[in-house]
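Colleague: Take a look at this one; I'll ask things after.
The values are calculated or read from the model by the stated rules, or taken from the named source; none is laboratory data. In this text the structure is predicted, and so the values were computed from the model without any measurement. No Cβ is skipped: glycine too gets one built from the backbone with ideal geometry, and neighbour counts run over all protein chains shown. Note: accessible area is taken over every heavy atom of the protein model, side chains too, but ligands, DNA and RNA are not part of it. Shrake-Rupley method; radii C 1.70, N 1.55, O 1.52, S 1.80 Å.
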Amino acid sequence: DAKTTQPPSMDCAEGRAANLPCNHSTISGNEYVYWYRQIHSQGPQYIIHGLKNNETNEMASLIITEDRKSSTLILPHATLRDTAVYYCIVRRGRNQGGKLIFGQGTELSVKP
Amino acid sequence: GAVVSQHPSWVICKSGTSVKIECRSLDFQATTMFWYRQFPKQSLMLMATSNEGSKATYEQGVEKDKFLINHASLTLSTLTVTSAHPEDSSFYICSLRGPGGTYEQYFGPGTRLTVT
């Protein structure tokens, strides 16, 4: 599975959009981009995933570049409860035996 | 989303003893479960993949005789840390694949193990 590169930490003001970048330049055509987050001392929580197209759900939006070598997770109106470590993971599809391998992630601090 | 429970949520044991951690899927049958370990200030590390009715597959560097995994039913997987040592103190998290065609993977709340 392809590796990802994320900034180790980011700050965001409460109420503003948080844009978390991820580089995955060695991604293969059959690999998906997943985002999870982990609030301190809890299990990770699924946020969103995508293959080629941009995706949006009730939690966030995922923007994937046309060449698929990078993506951005957008939290449109960050709250203090969004403070967490955010992991960008590239994984093969479910039916291809892909495993979730976590990198170091980005520690997002949402400040009042 | 799926509900995954772990028991206990935290445990303290003495060096040399064994500890069993349970992972349960509460609202669907999970044929595949995963076990992760997380040391303080570090990321999650995949330890093994547990398939119901068959032997677990361990990641490179994980001692299968020390970390015994049993996936006896579609709703229960257990991880037993045998002859625990202080360096085994960690946060252990189980995870399972969503049902049917979903792509999500659900995680339990984790178990904090402290070996004294």
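Colleague: How large is the accessible surface per residue of chain B, computed with a 1.4 Å probe and reported in Å² as a whole number? Intermediate results must be reported in sequence, preceding the final value.
Modeller: On the way: 5590 Å² over 116 residues.
Accessible area per residue, chain B: 48 Å².
Colleague: Then there is this: Quick one: pull the percent of accessible area on region B:40-92 belonging to carbon and sulfur, 1.4 Å probe, ligands and nucleic acids left out.
Modeller: On the way: 1390 of 2770 Å².
It is 50 percent, rounded to a whole number.
Colleague: Sort largest first and round to whole Å: the equivalent ellipsoid semi-axes of chain A, each the square root of five times a Cα gyration tensor eigenvalue.
Modeller: Details: eigenvalues 106, 42, 30 Å².
Those come to 23, 14, 12 Å.
Colleague: Kindly report the accessible area of chain A per residue (heavy atoms of protein chains, probe 1.4 Å, no ligands, DNA or RNA), in Å². Could you put the intermediate results ahead of the total?
Modeller: Details: 5780 Å² over 112 residues.
Roughly 52 Å² per residue, with all protein chains present.
Colleague: Quick check: pseudo-label points 7 Å beyond the Cα along Cα→Cβ at A:Ser9 and B:Ser43, how many nm apart are they?
Modeller: 1.8
Colleague: Show A:Glu31, A:Glu14, B:Glu59 ordered by accessible area, largest first, where the area counts protein heavy atoms only and the probe is 1.4 Å.
Modeller: Details: A:Glu31 10, A:Glu14 90, B:Glu59 45 Å².
Largest accessible area first, the residues go A:Glu14, B:Glu59, A:Glu31.
Colleague: 7 Å from Cα along Cα→Cβ at both A:Lys69 and B:Thr17: what's the point-to-point distance in nm?
Modeller: 5.5
Colleague: Rounded to a whole number of µm²/s, how large is the Stokes-Einstein D of the protein assembly as shown at 20 °C and 1.002 mPa s, given Rh as the Kirkwood radius over C-alpha pairs?
Modeller: Numbers: Rh = 18.2 Å.
It comes out at roughly 117 µm²/s.
Colleague: Across the residues of A:36-45, average count of Cβ atoms on other protein chains within 10 Å? Each step should come with its number before you reach the end.
Modeller: Working: counts 4, 0, 6, 0, 0, 7, 6, 15, 10, 3.
Partner Cβ neighbours, averaged per residue: 5.
Colleague: While we're looking at this one, here's another question. Summing both sides, how much accessible area is buried between A and B? Use a 1.4 Å probe and give Å² to the nearest 100.
Modeller: On the way: alone 6630 and 6460 Å², together 11370 Å².
Summing both sides, the interface buries roughly 1700 Å².
Colleague: Could you calculate the FRET efficiency of B:Ser9 with B:Thr82 from 1/(1 + (r/R0)^6), where r is the beta carbon distance between them and R0 is 22 Å, rounded to 0.05?
Modeller: Working: r = 21 Å, r/R0 = 0.95.
Computed FRET efficiency for B:Ser9 and B:Thr82: 0.60.
Colleague: A follow-up question, please. What accessible area, in Å² to the nearest ten, does a 1.4 Å probe give for A:Asp67?
Modeller: About 90 Å², rounded to the nearest 10.
Colleague: Let me ask another. Of B:Leu113, B:Thr75, A:Gly15, which is farthest on the positive side of the dipole of the protein assembly as shown, counting Cα position, with +1 on Lys and Arg Cβ, -1 on Asp and Glu Cβ, and the Cα centre as origin?
Modeller: B:Leu113
Colleague: Now, a different point. What distance in nm lies between label points placed 7 Å from Cα along the C-beta direction at A:Leu51 and A:Lys99?
Modeller: Going from the A:Leu51 label point to the A:Lys99 one covers 2.4 nm.
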